[in-house]
Amino acid sequence: MKISLNWLSQYIDLAGLSVDEMSDMLTFAGIEVEDIHQQGVDSPLVVVARVASAEQHPQADRLKVCQVDVGDGTLHQIVCGAQNYKVGDKVPCALPGAVLPGNFEIKVGKLRGVESRGMLCSASELGLPDKEHGLWILPQELEVGMPISQVVKADTIVEVEVTPNRPDLLSHNGMAFELAAISGRGYNPVPIDDIQVELEPAGACVRLDQPEINPYYTAVKISGVKVQESPEWLKERLVAIGLRPINNIVDVTNFVLHEQGTPLHAFDAAKVQGGIVTRTAYEGETFKALDGQEYTLNCTDLVVTDQSGKVLAIGGVMGGEESGVTDATTDIILESAWFKPSAVRATSRRLALSSDSSYRFERGTSAWNVLRGSVRAVELILRLAGGTASKTYVAGAPVPNPAHECMPSCGHPDGPTAIFPSLKQGKGATVTNELGFVKLPWKALDQISGGSISYEEGARILTALGLMQAPEGAEYWLIPPHRLDLTRPCDLLEEIVRVFGLDGIPSRFCGPFVPESPVDAAYNFQMRLRRKLAALGFYETQTIKLIASESADGSIAQVKDALPVRPLQEGDIIRVALPLSEDHSVLRPAHTPGLIAAAVRNSNQGASVLRFFELGRVFRNTGGGKGRDIETDTLGI
């Protein structure tokens, strides 16, 4: 996932925090930072320039000597190899002393004997997506000498790998919340008031035919919208993380997805007959997706249709080309829903069709965010595209967090409101059915940290992560609805240690003596055997355990008088049900096929003396295929 620091700074104060410090914080908290790169430049030495003239280089056919106006009253001579510009074009120019992404400093130099005092730049040389092949041709209305940082704001993009159990981190808001908890900095979330939203029972507007796959669906109709190009701030946010702006409606759904982590989809209401229906597809039903490809569906795929039966989208994966928003759209239907992760994953894998939405649904989005994401998107659409919004039509109900369904009762005889009195007053009423309780034995924190983390510090960390401690019974903690991964006491202990930092826990070496087990004895015996064979001049081989069927037949795989493995009999061979290839279709019944294959390869390379051994596991049925399979560690020489 790509994180724009300009975008992230809207929700957390990053002042004084270097990129390297932030990277270390995330890494030690278990969030792997895969890449950090600069996008755009802040340097005042990279400016808008006008190509005043371009003459052929005297010593190179593909180079031109340009005279460039950078707004300082003189022309600068720059040698350029691009072919896509003409005299009068405005392009970015990096003057001597400028430092481009990758720590590349521009200096005065000579190219084929001609002095060059700067460099005309492509978009990629400024850390931006290439607009065209060659130089970045800028709009003519830009003033010569203007710093490029005023045209495109410089940004830092941090690419992180989020583990599958943390879908709450797959958004800028979620990452800001996590970073605020780790660093202790201020967190400024977008205020979203979903309590005041007017909800309307779906009635004929939305029907859920497969509630076990899609138990919760919301839809809002927005009439009188004006589809047009998005404002610069919105396009800037999307371009920074590698998305292509399309129009203000689609861009808002993408923005909310990456801001709040809520997948959304907008349908052209004129192309929807009647209400929305979610059902499983008919066997062999076809669907043309937004990527322009046609897909054949089966009865396990969930689809979103209208009441005429026309497929509008594959639930949780991708919308359809026919019902998509275009420049002619005036009314839209905004979808925000919760789909079962395993169902979305199965459809996405089978069709080899993935999207930013399916990526999040597969990992388990929180039903708590469904209505919040819709409210945020409606607010932005009304601001950027105008129109009027209907009430929110709701079908089904928010499901409990899947990880909390098996959570034990809070254990109090008067129920959870006795432990969390605020629930009596309706606080958090929209999410009460999603919440889970975990009882945390504080003594366990002493056991895993050696007493180096105080109870007060542990409580502070859990509170910063969004958990709420019971006023009565300090061991009870209310789990926030977006943390699907916190279900057991050990999960809470892990969070405390993760945020506190392992480097703050002193190391201790007090391992007790443990007598040798049978497994230890077997391992030691095999290692002694390996060393003795190596001392006698044998080389150890490690061959694959899957072999070709013909290698297991006949005398090549026979083992005579070997105990405890008897000679092969009919039905002894264990065959792979779905082999990757014919060369990997059976489990090896002996080491012989692999050793002979290794000998052949070495002999073909001119080796005159071959001494090989392999120590490992072989496989065969017992009782002629009627008994259980056995695996035996054997030695082949």
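Assess whether Gly606 counts as being part of a loop (DSSP other than H, G, I, E, B), surrounded by fewer than 16 Cβ atoms within 10 Å (Cβ to Cβ), at positive phi and at pLDDT below 90. Step through it out loud before you land on a result.
On the way: part of a loop (DSSP other than H, G, I, E, B): yes; surrounded by fewer than 16 Cβ atoms within 10 Å (Cβ to Cβ): yes; at positive phi: yes; at pLDDT below 90: no.
Answer is no for this residue.
Give the number of residues within the stretch 267-288 that are in contact (Cβ under 8 Å) with a residue 60 or more places away in the chain, not basic (Lys, Arg) and not in a loop (DSSP other than H, G, I, E, B).
Narrowing the stretch 267-288 to residues in contact (Cβ under 8 Å) with a residue 60 or more places away in the chain: 267-270, 272, 274-280.
The next check asks that each one be not basic (Lys, Arg); those that pass are 267-270, 272, 274-278, 280.
Among the residues that remain, those that are also not in a loop (DSSP other than H, G, I, E, B) are: 267-270, 276-278, 280.
Qualifying residue count for the region: 8.
Cβ-Cβ below 7 Å, separation at least six or inter-chain, first residue in the stretch 354-378 and under 16 Å from Ala313 (Cβ atoms) and surrounded by fewer than 22 Cβ atoms within 10 Å (Cβ to Cβ), second at pLDDT below 95 and among the basic types (Lys, Arg): which pairs?
none
Can you tell me which condition Asn433 does not meet? The list is (1) modelled with pLDDT of 95 or more; (2) farther than 22 Å from Asp251 by Cβ; (3) out of contact with any Phe, Trp or Tyr (no Cβ under 9 Å at 6 or more places or on another chain), and all the others hold.
Unmet for Asn433, out of (1) modelled with pLDDT of 95 or more; (2) farther than 22 Å from Asp251 by Cβ; (3) out of contact with any Phe, Trp or Tyr (no Cβ under 9 Å at 6 or more places or on another chain): (1).
If a residue must be among the β-branched types (Val, Ile, Thr) and part of a strand (DSSP E or B), how many such residues does the stretch 144-191 contain?
Pass one, the stretch 144-191, residues among the β-branched types (Val, Ile, Thr): 144, 148, 151-152, 156-158, 160, 162-163, 182, 190.
Still in the list and also part of a strand (DSSP E or B): 156-158, 160.
Total meeting the criteria: 4.
Return yes or no: is Ala590 at pLDDT below 90, within 45 Å of the chain's Cα centre (by Cα) and in a loop (DSSP other than H, G, I, E, B)? Steps first, answer last, please.
Working: at pLDDT below 90: yes; within 45 Å of the chain's Cα centre (by Cα): yes; in a loop (DSSP other than H, G, I, E, B): yes.
So Ala590 fits the description; yes.
Please count how many residues of the stretch 495-518 are surrounded by 13 or more Cβ atoms within 10 Å (Cβ to Cβ) and not in a helix (DSSP H, G or I). Can you show your working first?
To start, the set of residues in the stretch 495-518 that are surrounded by 13 or more Cβ atoms within 10 Å (Cβ to Cβ) comprises 495-501, 505.
From what is left, the residues that are not in a helix (DSSP H, G or I) are 501, 505.
Total satisfying the criteria: 2.
Counting only residues that are in contact with a strand residue (DSSP E or B) (Cβ under 9 Å, 6 or more places away or on another chain) and in a helix (DSSP H, G or I), how many does the stretch 25-55 have?
The initial filter retains those residues of the stretch 25-55 that are in contact with a strand residue (DSSP E or B) (Cβ under 9 Å, 6 or more places away or on another chain), namely 26-27, 31-55.
Now drop any that are not in a helix (DSSP H, G or I), which leaves 26-27.
Number of matching residues: 2.
Could you tell me how many of the residues in the stretch 82-105 are outside any strand (DSSP E or B), surrounded by 13 or more Cβ atoms within 10 Å (Cβ to Cβ) and small (Gly, Ala, Ser)?
Within the stretch 82-105, residues that are outside any strand (DSSP E or B), surrounded by 13 or more Cβ atoms within 10 Å (Cβ to Cβ) and small (Gly, Ala, Ser) number 3.
Which of the residues spanning the stretch 147-169 are surrounded by 17 or more Cβ atoms within 10 Å (Cβ to Cβ), more than 19 Å from Glu236 (Cα to Cα) and either in contact with a helix residue (DSSP H, G or I) (Cβ under 6 Å, 6 or more places away or on another chain) or outside the structural domain of Val19 (by TED's automatic domain parsing) (or both)?
Val162, Pro167, Asp168, Leu169
Can you say whether Met175 is modelled with pLDDT of 90 or more and outside the structural domain of Ala29 (by TED's automatic domain parsing), as far as the supplied structure shows? Lay out the reasoning, then the answer.
Numbers: modelled with pLDDT of 90 or more: yes; outside the structural domain of Ala29 (by TED's automatic domain parsing): no.
So Met175 fails the test.
Residues that are more than 30 Å from Gly316 (Cβ to Cβ), touching a residue at least 60 places away in the same chain (Cβ under 8 Å) and either touching a His at 6+ places or on another chain (Cβ under 9 Å) or crowded, with 17+ Cβ neighbours inside 10 Å (or both): does the stretch 173-180 have at least one?
First, the residues of the stretch 173-180 that are more than 30 Å from Gly316 (Cβ to Cβ): none.
Scanning the stretch 173-180 turns up no residue that is more than 30 Å from Gly316 (Cβ to Cβ), touching a residue at least 60 places away in the same chain (Cβ under 8 Å) and either touching a His at 6+ places or on another chain (Cβ under 9 Å) or crowded, with 17+ Cβ neighbours inside 10 Å (or both).
If only one of Ile249, Ile222, Ile195 is more than 21 Å from the chain's Cα centre (by Cα) and assigned to a helix (DSSP H, G or I), which one is it? Steps first, please.
Working: Ile222 fails: assigned to a helix (DSSP H, G or I); Ile195 fails: assigned to a helix (DSSP H, G or I).
Only one candidate passes the filter, namely Ile249.
Suppose we keep only residues that are acidic (Asp, Glu) and out of contact with any Gly (no Cβ under 8 Å at 6 or more places or on another chain) within the stretch 49-107. Which one would you say is nearest to Met146 (Cα to Cα)?
We begin by selecting, within the stretch 49-107, every residue acidic (Asp, Glu); these are 55, 61, 69, 72, 89, 105.
Checking which are out of contact with any Gly (no Cβ under 8 Å at 6 or more places or on another chain) leaves us with 55, 61, 69, 89.
Values: Glu55: 25, Asp61: 32, Asp69: 12, Asp89: 15 Å.
The residue in question is Asp69.
Which residues, counting only those in the stretch 1-24, are assigned to a helix (DSSP H, G or I), in contact (Cβ under 8 Å) with a residue 40 or more places away in the chain and not small (Gly, Ala, Ser)? Break it down into steps so the answer makes sense when it comes.
Step one: list which residues in the stretch 1-24 are assigned to a helix (DSSP H, G or I), which gives 5-8, 19-24.
Now narrow it down to the ones that are in contact (Cβ under 8 Å) with a residue 40 or more places away in the chain: 5-8, 19, 22-23.
Leu5, Asn6, Trp7, Leu8, Val19, Met22 - these are the residues of the stretch 1-24 that are assigned to a helix (DSSP H, G or I), in contact (Cβ under 8 Å) with a residue 40 or more places away in the chain and not small (Gly, Ala, Ser).
Got a sec? Which of Glu125, Glu141 is outside any loop (DSSP other than H, G, I, E, B) and assigned by TED's automatic domain parsing to the domain that holds Gly102? First the steps, then the outcome.
Values: Glu141 fails: outside any loop (DSSP other than H, G, I, E, B).
Testing whether each residue is outside any loop (DSSP other than H, G, I, E, B) and assigned by TED's automatic domain parsing to the domain that holds Gly102 leaves just Glu125.
Using the structure shown, decide if Asn84 is in contact with a strand residue (DSSP E or B) (Cβ under 6 Å, 6 or more places away or on another chain) and among the polar types (S, T, N, Q). Talk me through it step by step, then tell me what you get.
Numbers: in contact with a strand residue (DSSP E or B) (Cβ under 6 Å, 6 or more places away or on another chain): no; among the polar types (S, T, N, Q): yes.
No: the conditions fail for Asn84.
Condition check: buried (at least 22 other Cβ atoms within 10 Å of the Cβ), assigned to a strand (DSSP E or B) and in the same structural domain as Ala266 (by TED's automatic domain parsing). Does Ile333 satisfy that? Lay out the reasoning, then the answer.
Details: buried (at least 22 other Cβ atoms within 10 Å of the Cβ): yes; assigned to a strand (DSSP E or B): yes; in the same structural domain as Ala266 (by TED's automatic domain parsing): yes.
Against the criterion (buried (at least 22 other Cβ atoms within 10 Å of the Cβ), assigned to a strand (DSSP E or B) and in the same structural domain as Ala266 (by TED's automatic domain parsing)), Ile333 qualifies.
Yes/no matrix, rows are residues, columns are (1) surrounded by 18 or more Cβ atoms within 10 Å (Cβ to Cβ); (2) assigned by TED's automatic domain parsing to the domain that holds Glu161; (3) on the phi < 0 side of the Ramachandran plot; (4) touching a helix residue (DSSP H, G or I) at 6+ places or on another chain (Cβ under 9 Å):
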| position | (1), (2), (3), (4) |
| --- | --- |
| Asp13 | no, yes, yes, yes |
| Asp20 | no, yes, yes, no |
| Ser23 | no, yes, yes, no |
| Thr27 | no, yes, yes, no |
| Glu34 | no, yes, yes, no |
| Arg50 | yes, no, yes, no |
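Quick one: would you say Val68 is farther than 16 Å from Trp136 by Cβ and crowded, with 20+ Cβ neighbours inside 10 Å?
Criteria not met by Val68.
Could you pull out the residue among Lys107, Lys90, Lys64 that is charged (D, E, K, R) and either closer than 27 Å to Ser4 by Cα or over 43 Å from the mean Cα position of the chain (by Cα) (or both)? Give the steps one after another, and end with the answer.
On the way: Lys107 fails: either closer than 27 Å to Ser4 by Cα or over 43 Å from the mean Cα position of the chain (by Cα) (or both); Lys90 fails: either closer than 27 Å to Ser4 by Cα or over 43 Å from the mean Cα position of the chain (by Cα) (or both).
Selected residue: Lys64, the only one of Lys107, Lys90, Lys64 that is charged (D, E, K, R) and either closer than 27 Å to Ser4 by Cα or over 43 Å from the mean Cα position of the chain (by Cα) (or both).
The values are calculated or read from the model by the stated rules, or taken from the named source; none is laboratory data. Please read all numbers here as calculations on a predicted model, not as lab measurements. No Cβ is skipped: glycine too gets one built from the backbone with ideal geometry, and neighbour counts run over all protein chains shown.
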